[in-house]
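Contents: one structure, followed by commentary.
Bear in mind that the values in this text are calculations on the coordinates, not laboratory data. This structure is a prediction, so every number in the text was calculated from the model and none was measured. Neighbour counts are summed over all protein chains in view; Cβ atoms, including those assigned to glycine, are modelled from backbone coordinates with ideal geometry.
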Amino acid sequence: MSATAVVLFAHPSEENSKSGSNFADRVDEMENVEVRRLYDLYPDFDVNIDREKEIWEAADIIVLQHPFYWYSSPALVKEYLDVVLEYGWAYGPQGKALQGKSLQTVITAGGPEDAYRTGGYNNFSIEELLRPFEATANLCGMSYEPPLVLYGSNHLSDAERTAFCDKYVDRLNALLARHEATAGKAA
């Protein structure tokens, strides 16, 4: 059985995105990868919890792809995680549904990389600012993968965007291969 990934793409104004929607389109072409555009699926924030749990249970890798909004995610990602990752299912004594899966964050940030460091404009690294996602993965027994970040996303050339997207595809392929290898050893 092949490993699978689901990309939860959330951009509240996708039509204005210079990078995110193109990246989502490209990884959606990959074998064993499904992209779910959360703002298209849930424009009213009324998340179908049972359906989303099925999606998470079927996938080996969950990718949260979104722009970096106020040092976090767009509001729908927070709402989505709040309602889908329920106690007794995702975490807690009986909450074992997500154990062994990987959580990958793919972020587009408008600021340059040097703005995200101690002493930089934002005074914290992206890794520090994404700690709540890492804590969520840890609580759910998931492996938190190093964030993949496109810095200065509004000011890049098409070639730079393409290079980042290639890196994204490579990361997904590596994660899929790792999960397949792990599943093969367990069989």
Q: Report, to the nearest 10°, how far helix 158-186 tilts away from the longest principal axis of the Cα atoms in the chain, using its own Cα long axis and a range of 0 to 90°.
A: 20
(Q) With 10 angstrom as the radius, rank 83, 7, 149 by how many other C-beta atoms surround their C-beta, starting from the fewest. (A) 83, 149, 7
Q | Gaussian network model of the chain, Cα within-10 Å springs - most flexible of 22, 138, 123 | A | 123
Q.
Check which residues have an amide H placed less than 5 Å from residue 102's amide H, if you skip close sequence neighbours.
A. 61, 62, 143
Q) Considering the chain as a Gaussian network with a 10 Å cut-off on Cα pairs, which listed residue, 119, 20, 111, attains the greatest mean-square fluctuation? A) 119
Q | Long-range amide H partners of residue 34 with built H, under 5 Å | A | 5, 6, 7
Q | In Hz, Karplus ³J(HN,Hα) per residue of segment 141-154 (6.51, -1.76, 1.60; θ = phi - 60°; x = Gly, Pro) | A | x, 9, 8, 8, 8, x, x, 9, 10, 9, 7, x, 4, 7
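Grab the beta carbon distance between residue 160 and residue 87, set R0 = 35 Å, and tell me the FRET efficiency rounded to 0.05. Walk me through the numbers before you get to the answer.
Details: r = 42 Å, r/R0 = 1.20.
Taking R0 as 35 Å, the efficiency between residue 160 and residue 87 is 0.25.
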Q: Just report the Cα centroid separation between segment 1-67 and segment 101-139, whole Å.
A: 20
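What list do you get for 70, 56 if you sort them by fewest beta carbons within 10 Å?
Numbers: 70 8, 56 19.
In order of increasing Cβ crowding within 10 Å: 70, 56.
What is the fewest-to-most order of 78, 101 by other Cβ atoms lying within 10 Å of their Cβ?
On the way: 78 15, 101 19.
Fewest-to-most ranking of 78, 101: 78, 101.
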Q) How big is the charge dipole of segment 68-187 about its Cα centre, in debye rounded to the nearest 20, if each Lys and Arg gets +1 on its Cβ and each Asp and Glu gets -1 on its Cβ? A) 360
Q) Counting other Cβ atoms within 10 Å of each Cβ, which chymotrypsin sites (Phe, Trp or Tyr not before Pro) in segment 1-41 have at most 14 and sit in a DSSP loop? A) none
